[in-house]
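S.K.: Shown below is the structure under consideration.
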Amino acid sequence: MKILAVDSSGLVASVAILEDDSILAEYMVNYKKTHSETLMPMIDEIVKMTNTDLKTLDAIAIAGGPGSFTGLRIGSATVKGIAQFLNIPIISVPTVDALSYNFCGSDRLVVPIMDARRNQTYTGIFDFHDGNDPEVLMEQCPMSVEDLAGHLNEIGRPIVLLGDGVARFRETLDELLTVDHIYAPAHMSRQRAGAVAVLGAKYYAEGKYTSAEEHEPEYLRKSQAEREREAQNA
Amino acid sequence: MSSKDTYILGIESSCDETAAAVVKNGREVLSNVISSQIAIHTLYGGVVPEIASRKHIEKINQVVTEALKQAGMKITDCDAIGVTYGPGLIGPLLIGVSFAKGLSYASGVPLVGVHHIEGHISANYIENHELEPPFLCLVVSGGHTHLVRVKDYGEYEILGRTQDDAAGEAFDKVARAIGLGYPGGPKIDKVSKEGNPDAIHFPRAHVGDSEYDFSFSGLKSSVLNYLNSLEMKHEQYVQADVAASFQKAVVDVLVGNSVHAIEKFHADKFALAGGVASNSALREAMQKACEERGVKFYRPAPILCTDNAAMIGSAAYYDFKKGIRAGLDLNAVANLKLGERAY
């Protein structure tokens, strides 16, 4: 089974190709060029490097959200175009779940935090004590860093934090957290398409995928205009 | 299908229409599918970019599938994919561009990035098979007001542009002020038919340093001032008269500058393009001005005036013939200038 995986949910652009149990290639760029400029050339690069015939792909896995609205859509629209022609399904992997998979097997609770703007994070709490299949103590959601710290203190277990929200919220977290906490090293702290691919393969086996036409990002948040309109009408 | 024929799949998502079309040899429309989002944006009184982007991604696959189906073709039957990459709203543009790149990459069908205004101008090629450059073209829409010399296919000289609001934008703003709502262009056009265009004299702006440039924000302000002054006096305004008088002021300026250019460049062909080219008063006035001067007048049917992908397919055809191809790093450019190629 062969899966192309893409993550453009945050500042990082990452693509990978998984064949059965093996990642054939993984490419990550954390640079200020836009995803629109980097993503397709990166896909082309790993496809060529691994002599992959696109027609042999079984599915495309994508970090489906949350994340930067525009970043999610660049990835989503790109794979919708590729999958449409190849007539293969798209597997939407929750971004925060994929991030947590960087610490698969950790004794600590794994807590990804993405900078969600408006003083919020996209976060979740994952317990890998039982192996590769984490117990999800809190599903991915938008949350203030204060509320998150409150939850973590309540649970009271050691944690590892990762994600692009760390840089932004580290001081606040150090101030608020009363539990033992560490931060991920750079190579494990960002979205990796390899993790999206591995989780994607799992979902694929479980039949959790959609057609190219049906796929759309999971924003976890309404647009500002919709929120304001609802507030006015409330 | 004759082997010398060229088929282009056009894709357009620069604002609030998700559109795809198949065009043969740049002039013949085999399909023209448009999924409009106007109903949802009407709730907000105008296009909300984030909502537009979300709608585009929901619709893009089915719109493209439908366009190919109606044309009776597969993507690999097409010689190229043409996609709007600017100007427009960046979020919406990125959907079409990213999707087209993915589709082009997987299928091996070459990609051409198209300028949205060039698309609007090219809509005239579809409607009028005998039309060829050079000609003068007035492009008027919700986002653009350009008076252009089309010197050759893909070769443009911008004579004048708006220095503030686009003409269509002024229509939207005035429509909102007199309670007509969004979209303003068609609504003002309709209600103006019952109004007196000479009831109120609104100023026709003359832009100092450029003989062909436009300005509509002063006109818009003077309509708002007029409404305010009546309100202060507790007097009612006549909606149809305000609409008709405002519309006449806009049309006078658009036609005035166009006629000036026709005379200066001794043009023998003149074309209208863009959403506001559907405005009946503008069409009539421009046609009359052209006929009086022996200038052949062209305009696309309303379905080709609004944002659509057939016009993108047509413009892409002429670029494709010149050997122009976009790479996998094609990016959307919100403020792309006409005549500029950003790849």
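S.K.: Answer yes if at least one residue in the stretch A:80-87 is closer than 27 Å to A:Leu161 by Cβ and either touching a strand residue (DSSP E or B) at 6+ places or on another chain (Cβ under 9 Å) or in contact (Cβ under 8 Å) with a residue 24 or more places away in the chain (or both), and no otherwise. Before the answer, list the steps.
M.R.: First, pick out the residues of the stretch A:80-87 that are closer than 27 Å to A:Leu161 by Cβ: none.
Within the stretch A:80-87 (the criterion being closer than 27 Å to A:Leu161 by Cβ and either touching a strand residue (DSSP E or B) at 6+ places or on another chain (Cβ under 9 Å) or in contact (Cβ under 8 Å) with a residue 24 or more places away in the chain (or both)), the answer is no, since none of the residues qualifies.
S.K.: Can you tell me which residue is nearest to the other protein chains (Cβ to nearest Cβ) among those in the stretch A:160-215 that are closer than 17 Å to A:Lys2 by Cβ and among the hydroxyl-bearing types (Ser, Thr, Tyr)?
M.R.: Only one residue tops the list, namely A:Tyr209.
S.K.: For the stretch B:45-57: of the residues being part of a loop (DSSP other than H, G, I, E, B) and in contact (Cβ under 8 Å) with a residue 24 or more places away in the chain, which is farthest from B:Gly313 (Cα to Cα)? Walk me through it before giving the result.
M.R.: Of the stretch B:45-57, the ones part of a loop (DSSP other than H, G, I, E, B) are B:45-48.
Filter again for in contact (Cβ under 8 Å) with a residue 24 or more places away in the chain, leaving B:45-47.
On the way: B:Gly45: 30, B:Gly46: 27, B:Val47: 24 Å.
Of everything passing the filter in the stretch B:45-57, B:Gly45 is farthest from B:Gly313 (Cα to Cα).
S.K.: Picking from A:Glu230, A:Glu213, A:Glu175, which residue would you name as being in a loop (DSSP other than H, G, I, E, B) and among the acidic types (Asp, Glu)?
M.R.: On the way: A:Glu230 fails: in a loop (DSSP other than H, G, I, E, B); A:Glu175 fails: in a loop (DSSP other than H, G, I, E, B).
Just one listed residue meets the conditions, A:Glu213.
S.K.: Considering only the stretch B:87-110, state which residues are buried (at least 24 other Cβ atoms within 10 Å of the Cβ) and more than 10 Å from chain A (Cβ to nearest Cβ).
M.R.: If the condition is that a residue be buried (at least 24 other Cβ atoms within 10 Å of the Cβ) and more than 10 Å from chain A (Cβ to nearest Cβ), then B:Gly88 is the only one that fits.
S.K.: Also: Could you list, in sequence order, the residues of the stretch A:28-44 that are within 14 Å of another protein chain (Cβ to nearest Cβ) and over 19 Å from B:Tyr343 (Cβ atoms)? Break it down stepwise before answering.
M.R.: Just the residues of the stretch A:28-44 that are within 14 Å of another protein chain (Cβ to nearest Cβ), to begin with: A:29, A:31-44.
Hits for the stretch A:28-44 are A:Val29, A:Tyr31, A:Lys32.
S.K.: Moving on. Quick one: which strands (runs of 3 or more DSSP E) sit completely within the stretch A:1-73 and have at least 2 residues that are among the charged types (D, E, K, R)? Steps first, answer last, please.
M.R.: Values: elements: A:2-7, A:13-19, A:22-29, A:59-65.
So the answer is A:2-7.
S.K.: Does A:Thr34 satisfy the condition of being outside the structural domain of A:Asp164 (by TED's automatic domain parsing), among the β-branched types (Val, Ile, Thr) and touching a helix residue (DSSP H, G or I) at 6+ places or on another chain (Cβ under 7 Å)? Talk me through it step by step, then tell me what you get.
M.R.: Values: outside the structural domain of A:Asp164 (by TED's automatic domain parsing): yes; among the β-branched types (Val, Ile, Thr): yes; touching a helix residue (DSSP H, G or I) at 6+ places or on another chain (Cβ under 7 Å): no.
No; evaluated as a whole, the condition is false for this residue.
S.K.: I'm trying to understand the selection: among the residues of the stretch B:255-274, which are part of a helix (DSSP H, G or I), among the small types (Gly, Ala, Ser) and under 13 Å from B:Cys137 (Cβ atoms)?
M.R.: Going residue by residue through the stretch B:255-274, those that are part of a helix (DSSP H, G or I) are B:255-265.
Checking the rest, the ones that are also among the small types (Gly, Ala, Ser) come to B:256, B:258, B:261.
Passing the criteria: B:Ser258, B:Ala261.
S.K.: A:Gln191 passes all but one of (1) assigned to a loop (DSSP other than H, G, I, E, B); (2) within 22 Å of B:Glu58 (Cα to Cα); which number fails?
M.R.: (2)
Matching residues to (1) within 14 Å of chain B (Cβ to nearest Cβ); (2) in contact with a helix residue (DSSP H, G or I) (Cβ under 7 Å, 6 or more places away or on another chain):
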position: A:Gly81; (1), (2): yes, yes
position: A:Gln84; (1), (2): yes, yes
position: A:Ile88; (1), (2): yes, no
position: A:Ile91; (1), (2): no, yes
position: A:Ala98; (1), (2): no, yes
position: A:Ala116; (1), (2): no, no
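S.K.: To continue, here is another question. Among the candidates B:Asp198, B:Asp213, B:Asp209, B:Asp152, which residue alone is farther than 30 Å from B:Ala39 by Cα, surrounded by fewer than 21 Cβ atoms within 10 Å (Cβ to Cβ) and in contact with a Gly (Cβ under 6 Å, 6 or more places away or on another chain)? Break it down stepwise before answering.
M.R.: Numbers: B:Asp198 fails: in contact with a Gly (Cβ under 6 Å, 6 or more places away or on another chain); B:Asp209 fails: in contact with a Gly (Cβ under 6 Å, 6 or more places away or on another chain); B:Asp152 fails: in contact with a Gly (Cβ under 6 Å, 6 or more places away or on another chain).
Unique residue meeting the criteria: B:Asp213.
S.K.: Tally up the residues in the stretch B:322-333 that are surrounded by fewer than 16 Cβ atoms within 10 Å (Cβ to Cβ) and either among the charged types (D, E, K, R) or more than 10 Å from chain A (Cβ to nearest Cβ) (or both), please.
M.R.: Counting residues in the stretch B:322-333 that are surrounded by fewer than 16 Cβ atoms within 10 Å (Cβ to Cβ) and either among the charged types (D, E, K, R) or more than 10 Å from chain A (Cβ to nearest Cβ) (or both) gives 3.
S.K.: B:Ala301 fails exactly one of the following numbered conditions: (1) closer than 14 Å to B:Ile121 by Cα; (2) touching a residue at least 40 places away in the same chain (Cβ under 8 Å); (3) of a type outside the set (Lys, Arg); (4) surrounded by 15 or more Cβ atoms within 10 Å (Cβ to Cβ). What is the number of that condition?
M.R.: Result: B:Ala301 fails condition (4) only.
S.K.: Out of (1) more than 14 Å from chain B (Cβ to nearest Cβ); (2) of a type in the set (A, V, I, L, M); (3) in contact with a Phe, Trp or Tyr (Cβ under 7 Å, 6 or more places away or on another chain), what's the single condition that is false for A:Leu220?
M.R.: The failed condition is (1).
S.K.: Taking the stretch A:194-230, which residues are within 25 Å of A:Ala116 (Cα to Cα) and among the acidic types (Asp, Glu)?
M.R.: Within the stretch A:194-230, A:Glu216, A:Glu218, A:Glu226, A:Glu228, A:Glu230 qualify.
S.K.: Of all residues in the stretch A:60-74, which are crowded, with 24+ Cβ neighbours inside 10 Å and more than 8 Å from chain B (Cβ to nearest Cβ)? Explain how you work it out, then say what you get.
M.R.: Step one: of the stretch A:60-74, the residues crowded, with 24+ Cβ neighbours inside 10 Å are A:60-67, A:71-74.
Correct list: A:Ile60, A:Ala61, A:Ile62, A:Ala63, A:Gly64, A:Gly65, A:Pro66, A:Gly67, A:Gly71, A:Leu72.
S.K.: Within the stretch B:21-33, can one find any residue that is of a type in the set (Gly, Ala, Ser) and surrounded by 24 or more Cβ atoms within 10 Å (Cβ to Cβ)? Before the answer, list the steps.
M.R.: Here is the first cut: in the stretch B:21-33, the residues of a type in the set (Gly, Ala, Ser) are B:21, B:26, B:31.
Those left that are additionally surrounded by 24 or more Cβ atoms within 10 Å (Cβ to Cβ): B:21.
Yes, that holds for at least one residue.
S.K.: Among (1) surrounded by fewer than 24 Cβ atoms within 10 Å (Cβ to Cβ); (2) within 22 Å of B:Leu272 (Cα to Cα); (3) in contact (Cβ under 8 Å) with a residue 12 or more places away in the chain, where does B:Ile75 come up short?
M.R.: (2)
S.K.: Applying the selection to the stretch B:14-38, what residues are charged (D, E, K, R) and not in a strand (DSSP E or B)?
M.R.: The initial filter retains those residues of the stretch B:14-38 that are charged (D, E, K, R), namely B:16-17, B:24, B:27-28.
Within the stretch B:14-38, B:Asp16, B:Arg27 meet the criteria.
S.K.: Another question, if that's okay. Give B:Ile81, B:Ile11, B:Ile60 a once-over and let me know the one that is within 10 Å of chain A (Cβ to nearest Cβ), assigned to a helix (DSSP H, G or I) and within 25 Å of A:Leu39 (Cβ to Cβ). Steps first, please.
M.R.: Values: B:Ile81 fails: assigned to a helix (DSSP H, G or I); B:Ile11 fails: assigned to a helix (DSSP H, G or I).
Among B:Ile81, B:Ile11, B:Ile60, only B:Ile60 is within 10 Å of chain A (Cβ to nearest Cβ), assigned to a helix (DSSP H, G or I) and within 25 Å of A:Leu39 (Cβ to Cβ).
The values are calculated or read from the model by the stated rules, or taken from the named source; none is laboratory data. Everything numeric in this text was worked out from a predicted model, so none of it was measured. Here the Cβ is made from the backbone with ideal geometry for all residues, glycine too, and neighbour counts use every protein chain on show.
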